[in-house]
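None of the figures in this text is laboratory data; all of them are computed from the coordinates on show. This is a predicted model, so every value here is computed, not measured. We place every Cβ from the backbone using ideal geometry, glycine too, and count neighbours over all the protein chains shown.
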């Protein structure tokens, strides 16, 4: 793993930290590759029961594409006519978002500062966003004459509605933490000094929880967004059967009857 992305697993929690604070955690190629690999590793590791995505420093969560690197790559494309620079969407951004959204475990984003462009997209791909009161979001794409990527044209309308999403994409602006909370972008806003502790507390609570049920809940919500009521009811039946046959469900029922705290296995 590159130094630009830190990866640690402890007691079922994988913590992935973007680590370019001097560049506001902008995404150069090295960082994108390392982040893609880290998210995939966390998603595939059965010992990992929750994921915390965060960033170093206090200025930025991630400001998206590293434009200093990008301008050089565009110049090289013009010389060769290859057009390879924009393949980063297919090779990096799409796999990162897919791994975050499809992970069979909860993903928490701790947004410590500005989340712009792909950084905003990655935060939206998480299941739960805890945001510092000093943080802000910005779609940014139109400001550099680009369209949306990192899944944001799918996730943002589902969070804020299509009309508001179109407004935020056509007219990029800074969405402060409180407004982000009111729009549903932030699930929780906390003082900046408390962000890491609060995010770890939430993520560790999820890592100790009923993983099979959490996975089913993620799948159920995603399915219901794009299917009819009848189809969703059938899906709920399928997923409830899966959750009901899990070891965690048996543990939960036994603990409830005995008035004990459940100690989930994640199976």
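Where in the range 54-72 does the amide nitrogen come within less than 17 Å of the point 7 Å from the Cα of residue 192, taken along Cα to Cβ? Counting only backbone N, you get 55-63. All C-alpha pair distances within the range 27-137, sorted into 10 Å bins from zero, spread as 14, 43, 30, 11, 2 percent across the bins. (i) 7, 25, 28, 21, 12, 5, 2, 0; (ii) 7, 28, 34, 21, 8, 2, 0, 0; (iii) 7, 33, 38, 18, 3, 0: which one is P(r) over Cα pairs in 10 Å bins from 0, in percent as calculated from this entry? Computed from the coordinates, P(r) over Cα pairs in 10 Å bins from 0, in percent corresponds to (ii). If one computes the Cα centroid of the range 209-267 and of the range 31-56, what distance in Å separates the two points? The range 209-267 and the range 31-56 have Cα centres separated by 23 Å.
Can you give the % of DSSP beta bridges in the chain that are antiparallel, to the nearest 5? Once the DSSP bridges in the chain are tallied, antiparallel ones form about 25 percent. By DSSP, the beta bridges lying fully in the range 1-108 are antiparallel in about 40 percent of cases. Between the beta carbons of residue 46 and residue 259, assuming R0 = 41 Å, the FRET efficiency works out to 0.85 to the nearest 0.05. The modelled label-to-label distance for the pair residue 238/residue 217, using points 7 Å beyond Cα in the direction of Cβ, is 2.1 nm. Helix 195-207 axis versus longest C-alpha principal axis of the chain: approximately 40°, rounded to the nearest ten. Across the range 116-228, the convex hull enclosing all Cα atoms gives 104 Å³ per residue. Peptides 140-146, 186-192, ordered by how many other C-beta atoms sit within 10 Å of their residues on average, highest first, read 186-192, 140-146.
Sort 16, 251 so that the residue with the fewest other Cβ atoms within 10 Å of its own Cβ comes first and the one with the most comes last. Display every interim value, and only then the final one.
Numbers: 16 25, 251 17.
Fewest-to-most ranking of 16, 251: 251, 16.
Only Cα sites of the range 211-257 enter the Debye sum here, all with the same form factor; the resulting log10 I(q)/I(0) across q = 0.25, 0.26 1/Å is -0.84, -0.88, listed in q order. Give me the percent relative contact order of the chain, please, defined on Cα pairs under 8 angstrom at least 6 residues apart. This gives 17 percent for the chain. Roughly what % of DSSP beta bridges within the range 73-196 run antiparallel, to the nearest 5? Bridges in the range 73-196 that DSSP calls antiparallel: roughly 15 percent. Across the range 42-105 the C-alpha pair distances fall into 5 Å bins from zero in the proportions 3, 14, 15, 18, 16, 14, 9, 7, 2, 0 percent.
Of 197, 115, 135, the residue with the greatest mean-square motion in the GNM of the chain, using alpha carbon springs below 10 Å, is 197. Among 68, 176, the order by Cβ neighbours within 10 angstrom, fewest to most, reads 68, 176.
Distance between the 7 Å Cα→Cβ label points at residue 164 and residue 145: 3.2 nm.
Quick check on the chain: helices-only [θ] at 222 nm, where DSSP H runs of length 4 and up contribute -39,500 (n - 2.57) each and the sum goes over total residues. Nearest 500, please. Please report the intermediate quantities before stating the final value.
Values: 11 runs with 126 residues, N = 267.
Here the helix-only value at 222 nm equals -14500 deg cm²/dmol.
In this label model, residue 71 and residue 225 are separated by 3.5 nm, measuring between points 7 Å along each Cα→Cβ vector.
Taking the number of other C-beta atoms within 10 Å as the exposure measure, put 261, 235 in order starting with the fewest.
Listing 261, 235 from fewest to most nearby Cβ atoms yields 261, 235.
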